[in-house]
Each structure stands twice: as structure tokens, then as C-alpha cells.
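S.K.: Would you mind keeping the following structure in view while I ask a few things?
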């Protein structure tokens, strides 16, 4: 019963399972505080002149000083001091989000595409409703890598893990039993594809644990055994979405018992398709919870103690009551000092030689903004102010305040100002050529830390180039990073992605050249981004009837790109059908 309640309240579950203190030694201060409060209480009680009066006179002369109101300032001071000590201890139950979204939970969807999924016990059909639920889940996730595996008598990878839902959705819509090579229902055949995709994910992102969602109406004993053998020895999570309605007649009834058995054997969790969005919400919460519990993220824990400042400030408003001045002066000094150590001021400070950015804009501030800025300058450094705005998702303003090149570049990157992000990252690299050619091992701790910062700056610089469609420059820089830092797995992963993009653009350019259509040659501006190797070519003739367009020319000219894209088959249905059949024939040939 408790586990069911926790799954319905994921935040409560997260607090119960992960709550701890970042600086627990501060809690030791509660002991001397308790002693001091006790001694003060006893002293006031014993030394009070009221005790010298007879009891019958005390009852007649003393008004409003009995019960809970007795020594009320001291009681509230105890509460405030306790809160401030807890704030200093740093209560937390979640980690800070990664600036590049690396903490998004990866998801692999395994969809049953057999004939039974065409049953209409749920309207319009089981398969159609499953597709709708998948799209709702993609919308709810707002990022994160998602892959799609489909199966019937055979299993096939329809979409590798990707963050682009615009590419994912058309392939999902094309899934149907008619594109599957062999009829049947063999969920266990998806296991090699599941292992392959999650293994590639773990190689590109260290300490990454994913979630597999199986969407089907029944499984076999062989499926149960296969999934049990894999998931009982894996850190990955299995979720099951049972599709069907047991209360309505069907030629292939929903076998909920077999799915419950699979969930039990594989240490997974199961939910049934619902009319509302509760099933999708439940799946998303389980995905995030598994990511938070199982992944050993390198991001620091987020200090959440600043929420307690609100009740502390409310209690401090009683400072103006008569007779409370002495007690509350102490609390005011303490809380004021605590504000210096709020999470806004706990941002990491990285030394930097660069203190400004050429892209920083001067803005006119009104009186309120000037007052607010003056107050922030009084307590926070520019980098700490930048972190405060960054936590509020105001990335453009965060970039204006940051002085550290890495933080400034990340803020510009999140604000989609990729040229300014590139300039900020480069400002933190003293000499690019020296940074890439220096292969000496550093034994000094300070030098090793600086070299690690240079590695991060170089990697982010390459990402900024790629975002500007400067694929050639990004590829060259990533190649140099991989040579300089051979253990940098994200750089290797991005290098492969960009190289594949360049190769694909070049292939598309060659395909366009073979169509034989007559186009007018155009020479491109010098400042256009180089998206592929063909971008280095220049058109020497002023008028050429038969032209070979480079990838850069295709992407830079909107009319040419639209004309070329119209030749591409928009429906991936036949592509997937041919792909699946060829894969099946290839497997039979190997056997």
C-alpha cells in the first residue's frame, strides 16, 4: 500500500528515499543551542521577581503571561535558530540539473506490431491508442533520447535513440502489422536489439541507466524467461503498458495475467492503458524516478534549504514588537549571515582571465531594477548572480552577469546564441593551438584542474560550431580533442555523429547531381557555414547548364533545398517495410 502511494506521489517518494544533508556537521550546533536555550529558560524562570509573590497575588496581578504565551520571544527564537542551523546543513533530495541536459532519462520503447494489436476493444484500435500514448509521452518528457523497437514474428529497430521527436513521430505512425515480414508475437527477439541500443548509450554516456517500455497485450512463457534473464542482471528498468480491455469482447483478449507474471519475474512495473492521461503520467514519473535513483550523476546535490528562509523571514517580522528587540537582534544577525550562504551564492567559482564578453550588451535600468541590482551586488558576486538567473531559466541575463567563460558560454548556448557562446568559450582558452598540442602529463593538482577546464571548453566550443552548422570546423576540432584527450567519450560520440551528417550531406549532394536537372550556378558568400566537404568547392564558370550542387549550396539556398526535398519520399512506411524484409532475408542467409 505504501509503495502504491509513493508511485502516485513521485516527489514524496524522492524525498523519502534521497533526503539527506549536504553539510550534516552543522546539525551538531543543535546540541549547544538546546543547552543555551534551556539555561536561558531556567535563568528567566528562577530569577523572575514574579516568583516572590504569593500564588494568590500572582493569579490576580499577572495577565496574559500563562500557557503557551509565556516567554514567547524565547520560543520563537528557538524555532528561528533551529531553522537557520538546518539551512546551514543544506537539506537536499535532488541533484542540480546538467547544463547540457545530460540527466534526461533515456527511453527505449518496444511496441507490439502483431495482428492482435488491431483489435478494437479499445477505440480505434490497440495499436492506434498505443501510438497516441507514445506521442503523449514524448510531449511530456520534453527531451531525452527515445528509441523504438517493433516486433511480431521478428524484431526490428525502427528508430535508434534520438532526441528529435519530429523525426521519431513519422516512423512511429508508419508502424503496422502489414510492414512486418513474418506474423507472430515474439517479444523475446527484441532483447538483442535492446542490449545493443543500451550498450551504445552506456558507452557514450557513463553511468547511464535506461528504461524499457514494453507495449503489448500478451506475452509467452519464452518471453518471460528471456526478459527475466536480462533485467534481473541489469540496472535498466522494465515498464509494461498493457493494451486492451478485459471487459469487452475480443478475438485476442488481453492476457493481463501473463503480463503481471512478466512484471514480477523481471522486477518491473506494470500499468494498464487508461482513458485519461494518468497512465502516461505514471510512466513518465517512473522513468524520471529510476534515472534519479540509479544513475550516479557527477552533478552536485542542489541545496534546497533556502525554502526555509521564508518562514524565518515571517517570524523575523515580529522583531518590531515591543520587548522583543534584544532577542531578535541575535536572530537578525544570524539570518543575515545565512543569506550569504544561500544556494545562489553556492555556485561554483572557476578562476578566469576573461572578465567580459564582446557580445555583452548595455541595457538601461529603471529605478526598481537599479535597486534590485544594487541589493544583489551587495551580497552576490557577478558569477553568483549569473547562477541565480540561470537557475530561473533566464539564460540571456545570466550570460550578461557571468564572468567565467565556461559559465557565460553555457548560458549563451542555452539562450540559443551560439556565436556568442563560441566567443565566450574561446575567451577561456589562452592559446588554442597550444591547448591541442600539449600532450605532457600534469602531476600538479592545479595544472590538472586547469587542463580539465580546457578540455570542457574545447568540447563546448566544438558543440557551438556544430550548432552554427559549421560542421567541418566542428569535426576538425573534435578530431583534435579526441587525439589530445583519448578518454573523452562524449567527444568521440559527437565526432561520429557529425561525420555521419557530413557524409550524408555529401551523399545527398551526389544524388542531386545525378538527376541531370538544369540549374543555374550560384557562387556562395564567403561567410556561409561549411556544412560538408563539398563546401570547399568554388564555382569558376559564370554559367553552367549542368551543375553539381554541394551540400552547402543545397542547405544555404531555400528554394533549391525545397525543390530537392520534394523529391524525397515523405512516407517512411515503404522504407521500413523494405528494410525489415531485407534484414529478415539477411538473417536467414546467415543461418
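The values are calculated or read from the model by the stated rules, or taken from the named source; none is laboratory data. Note that this is a predicted model, so its numbers are computed, not measured. Positions of Cβ are generated from backbone atoms using ideal geometry, with glycine treated the same way; all protein chains shown enter the neighbour counts.
S.K.: Within region 146-156, does at least one residue satisfy the condition of being in the same structural domain as residue 193 (by TED's automatic domain parsing), under 30 Å from residue 22 (Cβ atoms) and crowded, with 18+ Cβ neighbours inside 10 Å? Break it down into steps so the answer makes sense when it comes.
M.R.: Of the residues in region 146-156, the ones in the same structural domain as residue 193 (by TED's automatic domain parsing) are 146-156.
In the following step, the residues that additionally are under 30 Å from residue 22 (Cβ atoms) were identified as none.
No.
S.K.: On the given criteria, is residue 195 part of a loop (DSSP other than H, G, I, E, B) and touching a helix residue (DSSP H, G or I) at 6+ places or on another chain (Cβ under 8 Å)?
M.R.: For residue 195, the condition - part of a loop (DSSP other than H, G, I, E, B) and touching a helix residue (DSSP H, G or I) at 6+ places or on another chain (Cβ under 8 Å) - is not met.
S.K.: All but one of (1) touching a strand residue (DSSP E or B) at 6+ places or on another chain (Cβ under 8 Å); (2) at pLDDT below 95 hold for residue 243; which doesn't?
M.R.: (2)
S.K.: Within region 291-301, is there a residue that is outside any helix (DSSP H, G or I), at pLDDT 90 or above and buried (at least 17 other Cβ atoms within 10 Å of the Cβ)?
M.R.: No, every residue in region 291-301 fails to be outside any helix (DSSP H, G or I), at pLDDT 90 or above and buried (at least 17 other Cβ atoms within 10 Å of the Cβ).
S.K.: Need the failing condition index for residue 160 against (1) at pLDDT below 85; (2) over 30 Å from residue 28 (Cβ atoms); (3) surrounded by fewer than 19 Cβ atoms within 10 Å (Cβ to Cβ); (4) touching a strand residue (DSSP E or B) at 6+ places or on another chain (Cβ under 9 Å), just the number.
M.R.: (1)
S.K.: Which one of the conditions (1) on the phi < 0 side of the Ramachandran plot; (2) touching a residue at least 12 places away in the same chain (Cβ under 8 Å); (3) surrounded by 13 or more Cβ atoms within 10 Å (Cβ to Cβ) does residue 251 fail to meet, given that it meets all the rest?
M.R.: The number of the failed condition is (3).
S.K.: Starting from residues that are in contact with a strand residue (DSSP E or B) (Cβ under 8 Å, 6 or more places away or on another chain) and surrounded by fewer than 16 Cβ atoms within 10 Å (Cβ to Cβ), keep the ones in region 19-35 and report whichever is nearest to residue 85 (Cα to Cα).
M.R.: Filtering region 19-35 for residues that are in contact with a strand residue (DSSP E or B) (Cβ under 8 Å, 6 or more places away or on another chain) and surrounded by fewer than 16 Cβ atoms within 10 Å (Cβ to Cβ), the one nearest to residue 85 (Cα to Cα) comes out as 27.
S.K.: Looking at (1) touching a helix residue (DSSP H, G or I) at 6+ places or on another chain (Cβ under 9 Å); (2) over 26 Å from residue 160 (Cα atoms), which one does residue 256 not meet, given that it meets all the others?
M.R.: (1)
S.K.: Given the conditions (1) out of contact with any strand residue (DSSP E or B) (no Cβ under 6 Å at 6 or more places or on another chain); (2) at pLDDT below 85; (3) surrounded by 14 or more Cβ atoms within 10 Å (Cβ to Cβ), which single one is not true for residue 88?
M.R.: Tallying (1) out of contact with any strand residue (DSSP E or B) (no Cβ under 6 Å at 6 or more places or on another chain); (2) at pLDDT below 85; (3) surrounded by 14 or more Cβ atoms within 10 Å (Cβ to Cβ), residue 88 fails exactly one: (2).
S.K.: Among the residues of region 91-135, how many are in a loop (DSSP other than H, G, I, E, B) and at pLDDT below 85?
M.R.: 13
S.K.: Okay, next question. Under 7 Å by Cβ, and 6 or more places apart or on different chains, what pairs join a residue from region 8-22 that is over 15 Å from residue 284 (Cα atoms) with one that is part of a helix (DSSP H, G or I) and modelled with pLDDT of 80 or more?
M.R.: Taking only residues 6 or more apart or on different chains, the pairs are 21/27; 21/89.
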